[in-house]
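Note sheet for the following structure.
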Amino acid sequence: QVHLVESGGGSVQSGGSLRLSCGVDRNIFDFNAMGWYRQAPGKQRELVASINVGGRTDYADSVQGRFSISRDNAQNTVALQMHTLKPADTAIYYCFARLLRSSTWGPGTQVTVTV
């Protein structure tokens, strides 16, 4: 069974930055893709950013240019660097690892952006 652990959430003022990290207990190249979803209160979970095994990255339009996803192959971690945070970015952020059609999720980490 795959285990993911997120870290780096917290509270920050609008315009600030946070860095999330996700560690997996396997080689990250075992997965087709890894990345982050988020879910705000009363809203559906949405894809924020992903990175596939080939290194291609994808971002939600709402975070394009502000967020950056990267991976550390040696540490088996994926990071999400978030800049120019807005109150609309407030959500629980979930790391995922996808193999074919199956995804594993981390427990989530809260990100709160205050005005």
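The values are calculated or read from the model by the stated rules, or taken from the named source; none is laboratory data. Bear in mind that the values here come from a model prediction, so they are computed numbers and not experimental data. So basically every Cβ, Gly included, is an ideal-geometry build from the backbone, and we count neighbours across all protein chains shown. Surface areas here come from the heavy atoms of the whole protein model, side chains and all, with no ligands, DNA or RNA. Shrake-Rupley method; radii C 1.70, N 1.55, O 1.52, S 1.80 Å.
Details
- Accessible area per residue for the stretch 46-115 is 52 Å², calculated with a 1.4 Å probe on protein heavy atoms, without ligands, DNA or RNA.
- If R0 is taken as 35 Å, the Cβ-Cβ distance between residue 84 and residue 1 corresponds to a FRET efficiency of 0.40.
- Around residue 80: net Lys/Arg minus Asp/Glu count, Cβ-Cβ under 14 Å: -1
- With a Förster radius of 25 Å applied to the beta-carbon distance between residue 70 and residue 39, the computed FRET efficiency rounds to 0.65.
- Taking Cβ atoms as reference points and 11 Å as the exclusive limit, the residues near residue 28 contribute a net charge of -1, counting Lys and Arg as +1 and Asp and Glu as -1.
- Inter-label distance for residue 98 and residue 112, nm, one decimal - labels placed 7 Å from Cα along Cα-to-Cβ: 3.1 nm
- Residue 86 exposes around 100 Å² of accessible area when a 1.4 Å probe is run over every protein chain in place.
- Options 65, 87, 53, ranked by Cα towards positive dipole end of the stretch 1-89, top entry (Cβ charges): 87
- Summing Lys and Arg as +1 and Asp and Glu as -1 over all other residues whose Cβ lies under 15 Å from the Cβ of residue 93 gives a net charge of +3.
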